Structure formats: C-alpha cells, structure tokens
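One structure is given here, and the rest of the page talks about it.
Read-outs throughout are calculated quantities, based only on the coordinates presented, and are distinct from any laboratory measurement. Quick caveat, the model's predicted, so the values are computed rather than measured. No Cβ is skipped: glycine too gets one built from the backbone with ideal geometry, and neighbour counts run over all protein chains shown.
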Amino acid sequence: MDIIMECKNVTYSYPLTKKPAIKELNLKLERGKFYGVIGENGSGKTTLCAVLRGFAPSFYKGEIEGEVLVEGKKIGEYGGELAKKIGFVFQNPFTQISGVKDTVFEEVAYGLENFGVPAGEIERRVIDVMRMTDIEHLAEKSPFELSGGQMQRVALASVIVLEPDLLIIDEPTSQLDPEGTESVFAIIQKMKEKHKTIVLVEHKIDLIAEYADEVLVFKDGAMIASGDKKEILSDMSLLEQGAALPQVAILGRKLQEKGLPLSTIPVTEKQAVEVIAEALKERKR
Amino acid sequence: MRDLILKDVSFSYPGGFLAVDNINMEIKAGENVAIVGQNGAGKTTTVKMMNGLLKPTAGDVLIGDMNTKNYTTAQVSRVVGYVFQNPDDQIFHSTVEGEVRYGPKTMKLSPEEEDRRVNDALKITGMDIYKDENPLNLPLSMRKFVTIAAVIAMGTEILIFDEPTAGQDIEGNKRLSEILKVLHEQGKTVITISHDMEFVASNFARVIVMAKKKVVRFGTPQEIFWDFKSLEHAMLKQPYVSRVCKELGIEGNIIDIDGAVEAIMSR
C-alpha cells in the first residue's frame, strides 16, 4: 500500500478548550483513493481537515498529541512546500478568496504565481481549470461580485489548479443546486482519475455513495467507523450515531424488513434498481 | 390572514440586470410552499420582493389588499418575515437571546408578551439551550436556527426561509421539519427555498418550480417530481427513491421511502 498520509494516535484540542475536537485518531490514507467524511455537525469533520493540512495546530494553535505524517515525514517538518502537496478548500468560500486580486482569472492564477510557475504555463493551466469548473464566463468578474455557488466553484478551481497530490475539501456544495453539486463531484472524479488522493467532507450522502471509495464516520471527535463505502453506508446502526445513510440503503433495509429477499443492502441508485428487480423476480418464482 | 399574490412581477437590478421576468404566483394564507430551481433562477429575488426588501420594477406584490409599493420595507417586514440565506447577513447581537429579542423589542409589546414570544421562538428552534451563547461561537448550521428563531419571534403571519437546509445534518433537517409543522399548525404561511429534493418531497404540500427567471410550474410534490419536462427545463432531479421507482417501472408518482416500500411490496 502506498500511504500518502498517516495519523498515529492523534488527539487535538483548540486553545482554551478542555474537550478534544479530535480524539485518538488512527488513520492511513492510501494514495489515489477518495475518502468521504461524514457525521453530524460538531463531530470533528472540519477539525480533521485542519489537522490533515497542519493548520491545527500551526495556525489555530492549541494542543496536539500523536503524530501526523505526510509521506512518512512529520507534517511539522515541512515548510512552504506542504502547500504544493496538499490543497485545501475551505467550507466557507469567503475564507478562500485572497482579497488581493481584481478578477476571477487572477484569483485562480494567484497560487501558481506564488509558486513561481512561468507565465505561459500559468495561463494554460488556469484556462484548463476554469473550463473544467465551468467558471470561464466569470473570468473578468471581481471575486466579490459572485454568488455563494459561483464563489464555491472559484475556490475549488483556485486549489485544483495547483495540482496537489492530496486534496482536502470541506463541504464544497452547501450553496449549490443539484446540477452544480453533481458538477463538483464530476470535477473531483476527474482529480481521482489523475491519481490524486481526496478527502471530502459532505452531507450529501447519496453522492458520497456514488463517488467515494472509502467512508470515515465521525462522532464527538472520534472516528467511529471507517472502511469500504458499501460496508459502511449499509450499516443501519450508524443512523443512531447521527450519520446519514443513502436513501436507497434505507429503502433496501425497509424492504428486507417487509420480507423482500434483497441479496444485499444497496448504497447507490443503480445497485438499488438491480437488487430490487432481482428480488421481485425471485419472489415470483 | 391574507393571501400573497404576485401579479405580472418583474425585477431588474440597478444597472439593468433582469433577475425576475414577469411571474405570477398565488399563495393562500396558511399554505406551506417550497420554491425550487437552479442557482440564478430568480428564487431569492422573488422572495425578497415578498418581504419588501426589493420592490418590483414592474407588476404588483399584494399581501391581501396591501400593495408593497405603497409601504416601507419596515412596514412590510411586520407582516412577512425573511430568514436570509447567509445567517451572518443577519446576526449582530452578542447573545442568542439578545438576537432573538431584538425584533420583538422594537414592537412595543407588553413585557410578558415580549418574553413569551422570545421564549417560544427559542424553544421551537431548540436554541433555548444556547440562549446565553454568542451566536458567532456556534457553527454555521446552528447560526441559521438563531436567525430562524429571531424571525419567528417577530410573530409575522408570513415567513420566508431561504435555503435553511444548506449545510444541515440529519438532526438539523429533522428540526426544520418540526419547525415547519409547528408554524403550519399555528396557521402561518411559510415559503421555503431549498435545493434538497428529499426535504421538499416530504415537507411541503405545494411546490413552485422556477427556471431562467420565470415560474415553470406550481404543483404538489407528486406532480412536480414526476413531470420530467419541467424537471429537465429547471435542471432539477427527482428524489432518489423516485428515480429507483422510475427505473423499476413502478407507477404511482412515488416521492418518499414509505411510499416506495408500499408500492414495491404490492407488486
């Protein structure tokens, strides 16, 4: 296994708090995999993102125990080059926008400029990414004239243009309509095809079920479950822990309870159609 | 209690950007209505006209016989409460209770009535346990409930919630459902914008679809979520269970899990 990041018994508390926001976390992230992070609000999902990027404790201060390793090296030993390795998309897009650039094009180019990328290459990469995130038409607008949904896409573009190995994305679709949400997942899928590792916090569980490889479930700062999405998202006991499960999984479970012989609890729409159709056929026999 | 009527309403922002193009709506007193549609469809502009924050550049917004054109925003907001999409556009007090009390305080109520309204609003939204907290110390999803409580405390007959489901977990969505139920029982008219089709399917009697600055269709969730032409035009999707039922060829305009279970088991 090619492990890009590892947390060894990590406990983290924000300054002036007694209760840790992340408790005794042991986690290995495998390169090229897409991890969906779920759990109720206040369960530690956003703090996890901050720990994986090193912002907790380097920026937020507070107390950390245990070890966070990036490609085997302690995260605290990296300097500026960490920004090239790990991309971070904030929950609130207003936090992401630099505030020093006049247009969306310049905003998306800002990170590459800081990395000293040649001008011609910057232009090519920025145009590619703006096309992919469907914000080309906003190129000349001020970042502050955008709607919440547009700003979320600009924030995402400004990070993926850097082509980091690991992308940490915190609720990128909260302001988006269903179409916009699907397009963000499609972009993340493309990043996965480029063998990037992805950590995504998201409440839209049906889309996690569709796209993610593994699911991490948090509650009260602890990771209470982790593993293959199929296994995790069909575990009905997680509903009692404040985690959401896909609509089709709940449907599948209720059908089983009524006596329909489903071979498995589906987690995606396609699986649901297959297993229900099969069970209906089975019942007729 | 008054009906809310939008008659041939358009709105252009200063500078000429047309955001709403000649729409008509009739919302009866006591109705519980959802507005769905893409980002940029004109939903927020429409509801801001309902509460007088914006005045139509053509047509009329009528609350009973009250034409918003002839009243100030402050006057209209006594009848129609509006919960902003971004709670931080609305919060400016240092405690949750202070935030919720601010509105009723301006209304010169008796101290008992003022207390009753504040306490009721805190209780309905579950914010009573946070009443002494600084709202800015609460997570975004909770700040939304603070602003909902602040608007409920105003006691308006019509309430508008702009994307209350954004960023909510299942507990938050459950709490929203309960709030909608309580307000409905009190006879309030509630208009909610949401991108969450499951939430819309299970909480509203009527749905308004908007697309490209216009109203596409009014209907029950059963009608709307099986009207593929309207859904496609508005770039919306069916709820997940409806999609599964469609693929399985199950009829009956299913929009929720319990409906799907019943229909599938009776096959």
Mind checking which pairs have a first residue in the stretch B:123-147 that is more than 21 Å from B:Leu183 (Cα to Cα) and a second that is surrounded by fewer than 16 Cβ atoms within 10 Å (Cβ to Cβ) and β-branched (Val, Ile, Thr), Cβ under 6 Å, 6 or more apart or different chains? B:Asp132/B:Thr95
Taking the residues in the stretch B:200-220 that are touching a residue at least 60 places away in the same chain (Cβ under 8 Å) and in a helix (DSSP H, G or I) as candidates, determine which candidate is nearest to B:Glu185 (Cα to Cα). B:Asn203
Search result, residues across the stretch A:263-285 that are buried (at least 19 other Cβ atoms within 10 Å of the Cβ), more than 9 Å from every other protein chain (Cβ to nearest Cβ) and either touching a Gly at 6+ places or on another chain (Cβ under 9 Å) or without any contact (Cβ under 8 Å) to a residue 12 or more places away in the chain (or both): A:Ile265, A:Val267, A:Gln271, A:Val275
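Here is a check on your reading of the model: is A:Ser234 out of contact with any Ser or Thr (no Cβ under 8 Å at 6 or more places or on another chain), of a type in the set (Gly, Ala, Ser) and either at the interface with another protein chain (Cβ under 8 Å from one of its Cβ atoms) or without any contact (Cβ under 8 Å) to a residue 60 or more places away in the chain (or both)? Walk me through it before giving the result.
On the way: out of contact with any Ser or Thr (no Cβ under 8 Å at 6 or more places or on another chain): no; of a type in the set (Gly, Ala, Ser): yes; either at the interface with another protein chain (Cβ under 8 Å from one of its Cβ atoms) or without any contact (Cβ under 8 Å) to a residue 60 or more places away in the chain (or both): yes.
In short, no.
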Positions within the stretch A:1-18 being in a loop (DSSP other than H, G, I, E, B) and touching a residue at least 12 places away in the same chain (Cβ under 8 Å), in sequence order: A:Met1, A:Asp2, A:Tyr14, A:Pro15, A:Thr17
Hits in the stretch A:189-207 - residues which are out of contact with any helix residue (DSSP H, G or I) (no Cβ under 7 Å at 6 or more places or on another chain), buried (at least 21 other Cβ atoms within 10 Å of the Cβ) and not hydroxyl-bearing (Ser, Thr, Tyr): A:Lys196, A:His203, A:Ile205
Cβ-Cβ distance below 6 Å, separation of 6 or more or different chains: which pairs start in the stretch B:35-59 with a residue that is within 12 Å of chain A (Cβ to nearest Cβ) and in contact (Cβ under 8 Å) with a residue 24 or more places away in the chain and end on one that is small (Gly, Ala, Ser) and assigned to a loop (DSSP other than H, G, I, E, B)? B:Gly37/B:Ala234; B:Lys43/B:Gly37
Would you point out the residue of the stretch A:167-216, among those that are within 10 Å of another protein chain (Cβ to nearest Cβ) and either part of a loop (DSSP other than H, G, I, E, B) or under 15 Å from A:Thr46 (Cα atoms) (or both), that is farthest from the chain's Cα centre (by Cα)? A:Asp177
